[in-house]
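So the structure is just underneath, and the comments pick up after that.
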């Protein structure tokens, strides 16, 4: 669990990801989290989002466009922006099993319906 805290901000999230996704993967925990790390290494975070120190106001389409610009081969259908009513919660990038970008399922593509979102600053240090 500790080896993932540079990618996931809390131990509870590491356990959640294993319980929700890893246990169905057919992999051992260390293998699963190795795949998670390799997938993360394939994604370039757009510069304007890489380390915000103050909240940013963004639209879901701005987030999608920025990620597409920063990642060759990533399509708008391969990105899911998740939010609550006002805040960006996460950006999901969909991959094939061999870690190539792919389209997300149609039900996942429209997770956030808000017009404007607050992207909170990076926590911790």
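The values are calculated or read from the model by the stated rules, or taken from the named source; none is laboratory data. Note that the structure is predicted; figures quoted are calculated from it, not measured. Backbone-built Cβ (ideal geometry, glycine too); neighbour counts: all protein chains shown.
Would you call residue 31 within 14 Å of the chain's Cα centre (by Cα), assigned to a helix (DSSP H, G or I), under 23 Å from residue 4 (Cβ atoms) and free of Cβ contacts under 8 Å to residues at least 40 places away in the same chain? Quick ask: steps written out before the conclusion?
Working: within 14 Å of the chain's Cα centre (by Cα): no; assigned to a helix (DSSP H, G or I): yes; under 23 Å from residue 4 (Cβ atoms): yes; free of Cβ contacts under 8 Å to residues at least 40 places away in the same chain: yes.
Considered against the rule, which asks whether it is within 14 Å of the chain's Cα centre (by Cα), assigned to a helix (DSSP H, G or I), under 23 Å from residue 4 (Cβ atoms) and free of Cβ contacts under 8 Å to residues at least 40 places away in the same chain, residue 31 comes out as no.
Which condition number does residue 91 fail, the rest of (1) surrounded by fewer than 16 Cβ atoms within 10 Å (Cβ to Cβ); (2) part of a strand (DSSP E or B); (3) modelled with pLDDT of 90 or more being met?
Failing condition for residue 91: (1).
Which of (1) buried (at least 17 other Cβ atoms within 10 Å of the Cβ); (2) modelled with pLDDT of 90 or more is the odd one out, the single condition residue 103 does not satisfy?
(1)
Scanning for something farther than 22 Å from residue 66 by Cβ and in contact with a helix residue (DSSP H, G or I) (Cβ under 6 Å, 6 or more places away or on another chain), does region 36-45 turn up at least one residue?
no
Just a yes or no: is a residue in region 2-25 assigned by TED's automatic domain parsing to the domain that holds residue 116, in contact (Cβ under 8 Å) with a residue 12 or more places away in the chain, loosely packed, with under 14 Cβ neighbours inside 10 Å and part of a loop (DSSP other than H, G, I, E, B)?
no
Read through the list (1) touching a residue at least 60 places away in the same chain (Cβ under 8 Å); (2) exposed (fewer than 14 other Cβ atoms within 10 Å of the Cβ), then give the number of the only condition that residue 49 fails.
Condition (2) is where residue 49 drops out.
Counting only residues that are over 15 Å from residue 43 (Cβ atoms) and either in the same structural domain as residue 26 (by TED's automatic domain parsing) or in a loop (DSSP other than H, G, I, E, B) (or both), which one in region 73-88 is modelled with the lowest pLDDT?
By that ranking, first place goes to 85.
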